[in-house]
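The values are calculated or read from the model by the stated rules, or taken from the named source; none is laboratory data. Fair warning: this is a prediction, and the values are worked out from it, not measured in the lab. What goes into the accessible areas is simple: the full protein's heavy atoms, side chains included, and nothing from ligands, DNA or RNA. Shrake-Rupley method; radii C 1.70, N 1.55, O 1.52, S 1.80 Å.
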Amino acid sequence: MTRRLSLFLCAFLAIGCASTPRADAGSVRAALDGFLAALNALDVDGIASYLADDVTAFVPSAQAPRVDGKAALVEIFHAYCEKARKTTASTSIVPENLRVNQYGESGLATFEVRSSAGLARRSFVFRYRDGRWLITHFHASSLAPPV
């Protein structure tokens, strides 16, 4: 009887572990890559698919106060994409000095983007929800090149 119970418990735990999605740092990076691919493609719906409903953001190039909620942030990305489409079919934002960390069901990605306009710094806070990594906070800041 004890052997049967042990086998049952081992099988139950194995099935439970196999069916529980595991949040890992590699998938944080995959989510960031997917978001950047949508951004570079100027795909507003694709961008929106990576945002949590309760996302917050600091986007000083668009507005001074914090942005609260997915709808408000999607509106900012929509305006960005419309403006960019006037001169290009896509962008090529390539992260430099990228660091991705995972802390349980939270992840942090930070990087820089260099251009003739200066240095752009970006930070993304991800949260593992409903089997996927979603952006819950986004922070953008930029430095003009030295004169």
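Summary table
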| quantity | calculated |
| --- | --- |
| Exposure ranking of Leu42, Leu98 by accessible area [1.4 Å probe, largest first] | Leu98, Leu42 |
| Amide H partners (placed H, <5 Å) of Phe126, local residues excluded | Gly107, Leu108, Ala109, Thr136 |
